[in-house]
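Before any comments, here is the structure.
The values are calculated or read from the model by the stated rules, or taken from the named source; none is laboratory data. What you are looking at is a predicted structure, and each value in this text was computed from that prediction instead of being measured. Glycine also receives a Cβ, built like all others from the backbone with ideal geometry; neighbour counts cover every protein chain displayed. We work out accessible area using only protein heavy atoms, side chains counted, and drop any ligands, DNA or RNA first. Shrake-Rupley method; radii C 1.70, N 1.55, O 1.52, S 1.80 Å.
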2 protein chains.
Amino acid sequence: MENFEFVSPTHFVFGRAAEEQIGQKLAAAGATKALVHFGGKSAKASGLLDRVCAALDAAGIAYVELGGVRPNPEITLVRHGVDLCKRENVDWIVAVGGGSVIDSAKAIANGACIEEDVWTLFESKATGHPTLPIAVVLTIPAAGSEASKNVVISNDALGRKTGYANNDHRPKFAFMNPELTFTLPPFQTAAGITDMYAHLLERFFDDVEAVPVTDNLNLSLMKTVRAEAPRVLADPENYDARANIMWAGMLCHQGLAGVGRHEDWATHALEHELSALNPTITHGAGLAVLFPAWMEYVCGENPARFAYYGAQVFGLAPTGDVMADAFSAIDETRSFFASLGMPTALAELGICEEDIERMIPTLQANKGAIFGSFKKLSMDDARAIYRRAL
Amino acid sequence: MENFEFVSPTHFVFGRAAEEQIGQKLAAAGATKALVHFGGKSAKASGLLDRVCAALDAAGIAYVELGGVRPNPEITLVRHGVDLCKRENVDWIVAVGGGSVIDSAKAIANGACIEEDVWTLFESKATGHPTLPIAVVLTIPAAGSEASKNVVISNDALGRKTGYANNDHRPKFAFMNPELTFTLPPFQTAAGITDMYAHLLERFFDDVEAVPVTDNLNLSLMKTVRAEAPRVLADPENYDARANIMWAGMLCHQGLAGVGRHEDWATHALEHELSALNPTITHGAGLAVLFPAWMEYVCGENPARFAYYGAQVFGLAPTGDVMADAFSAIDETRSFFASLGMPTALAELGICEEDIERMIPTLQANKGAIFGSFKKLSMDDARAIYRRAL
């Protein structure tokens, strides 16, 4: 087991009507003026935004609103949020939404406390500066950003999508009401499930030997996500299934599922280039295509690890041929994503062979010439994985 | 899944030489004067205490020392620690040891910030007052107190042993170096493993239906503890086995293994009376005797839950007779504890039938007339479980 540090200070309020506690919790934490940050129309149309604002009002917390966060959140709106926070003396950020809104809120929370332009942090990956505290009202279980140390932002002008990690911007509160996810469209539910499962795969496959305590926890989450996924898709208002998925989504990316390991994250890096190229591509859909391709390309490095994964998660009986067992596990993974309605080829996302050379330069700018852990990948390896996924 | 709140803000520094970082981390957190709290001679003899104090010195943090914490820590030393903190203007507590030292530190951390005698908190279970921040250098993986919200203290004058929960006294830092556990005697290693496994059982068996995300995580920890236990006992200097047990011990009691459930805790309550009666009884040894007796007494409430546990943790194949399957799971649990060298009857702990009526009044004082969740237990039920365990 590798040495590690781990801290996850988020205070979770989980269950029915959880969001109604936001006023009292933030007032007790000293909030006086919030930036309420959200995405499109659904937060308004559903009445959720009104309920959150009413809870802030009732607790005597002033607020300004900033909506319009898009999927693959962009730096322009972040800059606008930073200006708003500075101008209005905002002392807390309230993110109402999913991973995109939370990531946008994290970027604003950092930018509001530095003099430089906020994008400089995405170049320098600097930490240690103050950040505004964040409270999340989660509406989409997927990215795990409600508790994670990660933030990913797109910069359309530069054609870049990149992120960094900072324990200081882990949200202080996460209000998680599974009922808020009853109305998520099936595609968004499925893409979210794919993203959370991918967060486990990125942590499970690396160049460190078995870490049973971490691996068993990780595998338990894979089994949970795989078992609950068909339940929420078949019965979107099943409270318990939605609750299991919502809590699992947080655990998949909070960090415990990878402590003591190096983790990999090559597939996420490959996917970020898809949505940098075309911001309408859903992150989970890109991962569903790229993960099996990455697995097939790298599994020769340690096929026993893949065979073990197949036995534990899919109940595959060993055949005596470990490479065949590894490929069976990969086939099951691809079938699982397909069963959710996810795409299986880049063509379905509108990505063609000519796009590969458009992605490689920014991939290298973001990750360097060599990236990944399970297998160290060069840009030629990246090209080969993209081609395999076409 | 039941509604819940969960917060675990402890910053973990895990791995070889972790304790050497204590000076810089505490200085960065603003510590100026620490109470260094520890148990018997081993922390001094091993040189650990000197290393911790040297790290504080190097970081310019002054300190006073208070040793002598016994197993089943007692209120008299806690009061002495409270006085010392107030007199010396201590602003951080550094606990070097296992659960007894950490619990003693938690009690001091509370008592140092209130006017009343610290024992009043163990009567009122009050929270919400300030507490001194705590940093732990863990030497015994067992109680999980390095991250838990719980504290348990004995009061010999009253013949009481009781505790309460307070998220505010969860330690701020836990320095966890598995090498520090290489020299633990086999009995102490085994009693610690029993305690951590019992923390999972208390959370798994209650009156709430399945919560797959929590249950699967809990079961993954049971499997980890069960698999790593024989490895550390056979090879005490196996770093990876010690590391897995050390991290698992934290996870078993941090709280994630029970969120969304009511949890039970009847067996811990029954055990606390054993060590209130005789403070030389090791908590884990008492649990090893009482848990199978409790299981046999209550399993008729929901034998399917026990059968499921047996299938998942011990790989028991269902026989078609769910009550038989439940008893097989209980037999496996007893055998697991026995395989660690734990006692199987109260007689081995020096407890006889006449002692039962000496424990019932304090049990009722601590827990009320009815306690437990999987099955609501009366004092007559408690008598029956003690008798079954004789």
Legend entry - Cα-based Kirkwood hydrodynamic radius, chain B, one decimal, Å: 21.2
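Below 8 Å between Cα atoms, with a sequence gap of 6+, how large is the relative contact order for chain B in percent? If you can, show how the numbers build up before the last one.
On the way: 737 pairs, mean separation 61.5, N = 390.
Once divided by the residue count of chain B, the mean separation gives 16 percent.
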Inset, instruction - Hey, can you grab everything whose amide H is under 5 Å from the amide H of B:Val64? Only 5+ residues off in sequence or another chain; H modelled, so Pro and N-termini drop out. - result: B:Ala34, B:Leu35, B:Val36
Legend entry - Residue mean of other protein chain beta carbons inside 10 Å, A:364-373: 0
Inset, instruction - Compute the relative contact order of the range B:245-390 as a whole-number percentage, counting only Cα pairs closer than 8 Å that sit 6 or more residues apart in sequence. - result: 28
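Helix-only mean residue ellipticity at 222 nm, chain A, DSSP H runs n ≥ 4 weighted -39,500 (n - 2.57), per residue, nearest 500. What is it? Working shown, then result.
On the way: 15 runs with 197 residues, N = 390.
Mean residue ellipticity, 222 nm, calculated: -16000 deg cm²/dmol.
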Legend entry - Amide hydrogen neighbours beyond the local backbone of A:Tyr164, cut-off 5 Å, H modeled: A:Val151
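Hey, what's the per residue convex hull volume over the C-alpha atoms of the range B:80-122, in cubic angstrom? Intermediate results must be reported in sequence, preceding the final value.
Details: hull volume 2.8 nm³, N = 43.
Each residue corresponds to 66 Å³ of Cα convex hull volume.
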Legend entry - For the range B:134-288: rounded, prolate or oblate by the Cα gyration tensor [a/c cutoff 1.5]: rounded
Inset, instruction - Quick one: net charge around A:Tyr164, please, counting Lys, Arg +1 and Asp, Glu -1 for every other residue with C-beta under 14 Å from its C-beta. - result: +4
Inset, instruction - Please compute P(r) over all alpha-carbon pairs of the protein assembly as shown, binned at 20 Å starting from zero, and give each bin as a whole-number percent. - result: 16, 49, 32, 4, 0
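Would you mind getting the Kirkwood hydrodynamic radius of the range B:10-81 from its Cα pairs, rounded to one decimal in Å? Numbers along the way, then the final one.
Working: mean 1/r = 0.0753 Å⁻¹.
For the range B:10-81, the Kirkwood estimate is 13.3 Å.
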Inset, instruction - Rank-order A:94-103, B:38-47 by packing density, defined as the average count of other C-beta atoms within 10 Å over each peptide's residues, highest first. - result: A:94-103, B:38-47
Inset, instruction - Give the residue from A:Phe327, A:His262, A:Gly284 lying farthest towards the positive end of the charge dipole for the range A:235-334; charges sit on Cβ (+1 for Lys and Arg, -1 for Asp and Glu) and the dipole is referred to the Cα centre. - result: A:His262
Legend entry - Base-10 log of normalised Debye intensity for the range A:294-390 (one unit scatterer per alpha-carbon) at q = 0.16, 0.17 Å⁻¹: -0.80, -0.87
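Chains A and B: what accessible area do they bury, summed, in square angstrom to the nearest 100, with a 1.4 Å probe? Walk me through the numbers on the way to the answer.
On the way: alone 14820 and 14800 Å², together 26520 Å².
Adding both sides of the contact gives about 3100 Å².
Could you work out what % of the accessible surface of the protein assembly as shown is carbon and sulfur, using a 1.4 angstrom probe and leaving DNA, RNA and ligands out of the count? Please report the intermediate quantities before stating the final value.
On the way: 13470 of 26520 Å².
C and S atoms contribute 51 percent here.
Report the charge-dipole magnitude of chain A in Debye, nearest 20, computed about the Cα centre from +1 at each Lys and Arg Cβ and -1 at each Asp and Glu Cβ. Let's see the in-between values first.
Numbers: 32 positive and 47 negative charges, 134 e Å.
Its charge dipole is roughly 640 debye.
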Legend entry - Positive-end extreme of charge dipole, chain B - chosen from B:Ala27, B:Ala311, B:Ala347 (charges on Cβ): B:Ala27
Legend entry - Label-point separation in nm, B:Asn167 to A:Asn278, each point 7 Å along Cα→Cβ: 4.4
Inset, instruction - Please work out how much accessible surface A:Thr224 shows to a 1.4 Å probe, ignoring ligands, DNA and RNA, in Å² rounded to 10. - result: 0
Legend entry - Inter-site label distance for B:Asp50 and A:Arg51 at 7 Å from Cα along Cβ, in nm: 6.2
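Going by accessible area, probe 1.4 Å, with all protein chains left in place, what is the ranking of A:His11, A:His37, largest first? Don't jump to the answer; show the numbers that get you there.
Values: A:His11 35, A:His37 0 Å².
Ranked from most to least accessible, the order is A:His11, A:His37.
How big is the charge dipole of the range B:108-159 about its Cα centre, in debye rounded to the nearest 20, if each Lys and Arg gets +1 on its Cβ and each Asp and Glu gets -1 on its Cβ?
Working: 2 positive and 6 negative charges, 52 e Å.
With Lys and Arg at +1 and Asp and Glu at -1, about 240 debye.
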Inset, instruction - Kindly sort A:Tyr308, A:Tyr197 by accessible area of their heavy atoms, largest first, with the probe set to 1.4 Å. - result: A:Tyr308, A:Tyr197
Inset, instruction - Lys and Arg at +1, Asp and Glu at -1: add these up for the other residues within a Cβ distance under 12 Å of B:Asn238 and post the number. - result: -3
Inset, instruction - Mind checking which of A:Ser104, B:Ala241, B:Val211 is farthest towards the positive end of the protein assembly as shown's charge dipole, using Cβ charges of +1 (Lys, Arg) and -1 (Asp, Glu) about the Cα centre? - result: A:Ser104
Inset, instruction - Taking the Cα centre of the protein assembly as shown as origin, sum charge times position over the Cβ atoms of Lys and Arg (+1) and Asp and Glu (-1), and report the length of that vector in debye to the nearest 20. - result: 860
Inset, instruction - Assuming 1.567 mPa s and 4 °C, estimate D for the range A:1-130 with Stokes-Einstein, Rh taken as the Kirkwood radius over Cα pairs, in µm²/s. - result: 83
Legend entry - Accessible surface, per residue, of the range B:186-244 when the full set of protein chains is kept, probe 1.4 Å, Å²: 28
